[in-house]
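The values are calculated or read from the model by the stated rules, or taken from the named source; none is laboratory data. Just so we're clear, the structure is a prediction, and the values are computed from it rather than from any experiment. Cβ atoms come from the backbone with ideal geometry, glycine included; neighbour counts cover every protein chain shown.
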Amino acid sequence: MNPSIRNLASVVALAVLLSACSSTNERATTVTAVEQPPSDQAMKALSAEVFTYGYPLVLMDVTREVMTARTPANTFVHKRSFPDAMFTDVVSPNADTLYSTAWLDLTKEPVVLSVPDTAGRYYLMPLMDAWTNVFASPGKRTTGTKRGAFAIVGPDWQGTLPKGVKEIRSPTAMVWLIGRTQTNGKQDFPTVHRLQDQYRLIPLSAWQKGARVAPPAAPPRATLIDTQTPPVEQVAAMDAQAFFSRMAALLEANPPAPEDAAMVGKMRRMGIEAGEPFKTTVLEPSTARAVQEGATAALAGIAAEARKGAAGSTGWRIARDLGSYGTDYTKRAAIAMMGLGANLPEDAVYPATRADATGRPFDGGSRYVLHFEKGQLPPVKAFWSLTLYNNKQAFVSNPIQRYALGSRDRLRYNRDGSLDIYIQYERPDGARAANWLPAPPDGFNLVLRAYWPDQAMLDGKWAPPAVQRVN
């Protein structure tokens, strides 16, 4: 057997205890067995488990690499307008908020996030660690809307912060900040732009010297990074050696959580050590094949899990447990593959549906109504919206350029206080057009975004009504 395989096992010292028996003069021998290296079948199973566990970490790093090739770390990128029907860079875009995002690198020092007084406007700055868990979410829900300064510090940082700066400790050195600011239509863009310009990321050392303006961003470096292929596809194209080596390199600055102790043991049994390359080329050929087969099977399993989605009795699929996954590694990996950057449910819940009340898929050849009884609108502390997407999860081109409709719009309510939203291809007659959400002539789906949902939604006591087909 290859010596490197033997090194995967923990060899327990062989002890022989001799003792004399006074009556029989026999020798008693106690032997502790040597733990054997994993069999090929066991190695395949370990590979699949560890791949699923590490998938979000590797995907985050590839995503960071692609995005920071355009904009350096610790620098905000602000979206200044809503996407339109031509936008296809991201699936299921929103027309509710303008984004302010940044990748933070905390390996050298903390970074101070400075936010202005938003005068009561809803905003959130969720911070996601390298394993895709949201560990903090400054914003109206948690810290209010007054001016504030937050020092995001790495897992090993020790020091004293200046007065007025609140510490937020990240469990990993890699952090993705995905900020969102409520935007009430295109006419609201200038106001939001003024707020975005006051969102700043400043190194702690510069803040301590009095700097309150973000340092100028470094120019993009010439790089061989593939910025065209989506990160999900880049990870899928990695072989097992490339994947596990990248994962091992990331473990030093982005350590596993304490509750991951069992998985850390499995990584060691497989031969993965933080900061050390993982080489399948030194394994027995059959063992190397087992490692690759396990990784391939895990990727297929993650994809299958991402495609799942049980709908409730009204046809809406509602996830209320995203953003913090504990040891549910399969769900964490599937959500990363399907939509990296999921919020905590306390910040936003996104019910989604593809079918009407009878279970028939939506079709632009039919007309639909989403009816809310009086007092049964989505229970939220911020706002809600209903967004329509085509079957490619993009906005639908329409004559009024309306992609979403919700509580910030001038909706027309029925005399009894109820509300009807009309979802169809052709413009409704008369006053109903105010409540029209334009559909394509073919298939589509709907997402209801509920920002800062009330407890009734978080507890599952409220769910959207079924969408009714009316022709």
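Take residue 215 and tell me if it is in contact with an Asp or Glu (Cβ under 8 Å, 6 or more places away or on another chain), surrounded by fewer than 18 Cβ atoms within 10 Å (Cβ to Cβ) and either in the same structural domain as residue 295 (by TED's automatic domain parsing) or of a type outside the set (A, V, I, L, M, F, W, C) (or both).
Against the criterion (in contact with an Asp or Glu (Cβ under 8 Å, 6 or more places away or on another chain), surrounded by fewer than 18 Cβ atoms within 10 Å (Cβ to Cβ) and either in the same structural domain as residue 295 (by TED's automatic domain parsing) or of a type outside the set (A, V, I, L, M, F, W, C) (or both)), residue 215 does not qualify.
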- Message: If I filter the range 128-142 down to residues being among the small types (Gly, Ala, Ser) and part of a strand (DSSP E or B), which single residue comes out as nearest to residue 175 (Cα to Cα)?
- Response: 136
- Note on the structure: Of 146, 140, 186, the only residue that is basic (Lys, Arg), in contact (Cβ under 8 Å) with a residue 24 or more places away in the chain and touching a Leu at 6+ places or on another chain (Cβ under 8 Å) is 140
- Message: Suppose we keep only residues that are among the aliphatic types (A, V, I, L, M) and touching a Pro at 6+ places or on another chain (Cβ under 8 Å) within the range 367-389. Which one would you say is farthest from residue 180 (Cα to Cα)?
- Response: 370
- Query: For the range 410-454, what are the residues that are without any contact (Cβ under 8 Å) to a residue 40 or more places away in the chain and either within 33 Å of the chain's Cα centre (by Cα) or not assigned by TED's automatic domain parsing to the domain that holds residue 378 (or both)?
  - Reply: 410, 411, 435, 436
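Okay, residues lined up against (1) in a helix (DSSP H, G or I); (2) outside the structural domain of residue 341 (by TED's automatic domain parsing); (3) of a type outside the set (Lys, Arg); (4) under 27 Å from residue 287 (Cβ atoms):
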position	(1), (2), (3), (4)
242	yes, yes, yes, yes
246	yes, yes, no, yes
254	no, yes, yes, no
263	yes, yes, yes, yes
275	no, yes, yes, yes
- Of the residues that sit in the range 192-220 and are farther than 17 Å from residue 116 by Cα and touching a residue at least 40 places away in the same chain (Cβ under 8 Å), which one is farthest from the chain's Cα centre (by Cα)? 208
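Rundown of residues vs (1) surrounded by fewer than 17 Cβ atoms within 10 Å (Cβ to Cβ); (2) closer than 26 Å to residue 387 by Cβ; (3) over 18 Å from the mean Cα position of the chain (by Cα); (4) not hydrophobic (A, V, I, L, M, F, W, C), yes/no style:
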{"residue": "41", "(1), (2), (3), (4)": "yes, no, yes, yes"}
{"residue": "66", "(1), (2), (3), (4)": "no, yes, no, no"}
{"residue": "74", "(1), (2), (3), (4)": "no, no, yes, yes"}
{"residue": "80", "(1), (2), (3), (4)": "yes, yes, yes, yes"}
{"residue": "96", "(1), (2), (3), (4)": "no, yes, yes, yes"}
- Message: Among (1) of a type outside the set (Lys, Arg); (2) more than 30 Å from residue 162 (Cβ to Cβ); (3) at pLDDT below 95; (4) part of a loop (DSSP other than H, G, I, E, B), there is one condition residue 217 misses while meeting the rest; what is its number?
- Response: (2)
- Message: I'd like to know if the range 288-300 contains one or more residues that are of a type in the set (A, V, I, L, M), modelled with pLDDT under 95, assigned by TED's automatic domain parsing to the domain that holds residue 60 and surrounded by fewer than 16 Cβ atoms within 10 Å (Cβ to Cβ).
- Response: no
- Task: Considering only residues that are in a helix (DSSP H, G or I) and within 17 Å of the chain's Cα centre (by Cα), look in the range 282-328 and name the one that is nearest to residue 468 (Cα to Cα).
- Result: 307
